[in-house]
Amino acid sequence: MASEMIGEMLKLSIAVMLVAVLSMSVYALLPDERVPYVEIELVVNETNSSIIDITHVGGDPLKASEVKIVVKNETGYQDEHLLPDQVWRFPQTIHLTTNLMNVSEVSVIHLRAVLAIAEVEQT
């Protein structure tokens, strides 16, 4: 009688341990949080290239605290801009004024990935 109860308890403890190990291995295979998808439209003022408008034209809303905008000019200098603490979503536009002249590249960078890089053609 006592040996039957001990046997049942051993079976139960083995089953519980197997379920725990299996669930840990399955949860380890789950992917990390995905990189947000966003479509961005960039407009650089033709008369003054230090004025840039960046419009969210589709995709996921972004926490502005997780996004920075890097502006580079032809000589290699760069200027980083952090966004005000809000959520950037469709169809909001960010009006950006930089100290750099002759802007050649604008990058929108998220914590987990580079979302967009745009080269600016000088006319």
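Residues that are at pLDDT below 75 and either polar (S, T, N, Q) or in contact with a helix residue (DSSP H, G or I) (Cβ under 8 Å, 6 or more places away or on another chain) (or both): does the range 105-118 have at least one?
Within the range 105-118, not a single residue is at pLDDT below 75 and either polar (S, T, N, Q) or in contact with a helix residue (DSSP H, G or I) (Cβ under 8 Å, 6 or more places away or on another chain) (or both).
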What residue, among those in the range 64-78 that are touching a Leu at 6+ places or on another chain (Cβ under 9 Å) and part of a strand (DSSP E or B), is modelled with the lowest pLDDT? Q78
With respect to the numbered conditions (1) surrounded by 12 or more Cβ atoms within 10 Å (Cβ to Cβ); (2) under 20 Å from A113 (Cβ atoms), which one is the sole condition not fulfilled by R34? (1)
Tally the residues that are open to solvent by 60 Å² or more (accessible area, probe 1.4 Å), farther than 8 Å from H56 by Cα and in a loop (DSSP other than H, G, I, E, B), restricting the search to the range 79-99. 4
Looking only at residues that are within 16 Å of I117 (Cβ to Cβ) and free of Cβ contacts under 8 Å to residues at least 24 places away in the same chain in the range 61-78, which one is least open to solvent (accessible area, probe 1.4 Å)? G76
Out of G7, G58, sole residue that is in a helix (DSSP H, G or I) and either β-branched (V, I, T) or open to solvent by less than 90 Å² (accessible area, probe 1.4 Å) (or both): G7
Residue check, I117 against (1) open to solvent by 30 Å² or more (accessible area, probe 1.4 Å); (2) among the β-branched types (V, I, T); (3) more than 21 Å from the chain's Cα centre (by Cα), all met but one. Which one? (3)
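The values are calculated or read from the model by the stated rules, or taken from the named source; none is laboratory data. These figures come from a predicted structure and were not determined experimentally. Every residue, glycine among them, receives a Cβ derived from its backbone with ideal geometry; neighbour counts consider all protein chains shown. The protein model used for the area step is the full one, side chains on, heavy atoms only, and it has no ligands, DNA or RNA in it. Shrake-Rupley method; radii C 1.70, N 1.55, O 1.52, S 1.80 Å.
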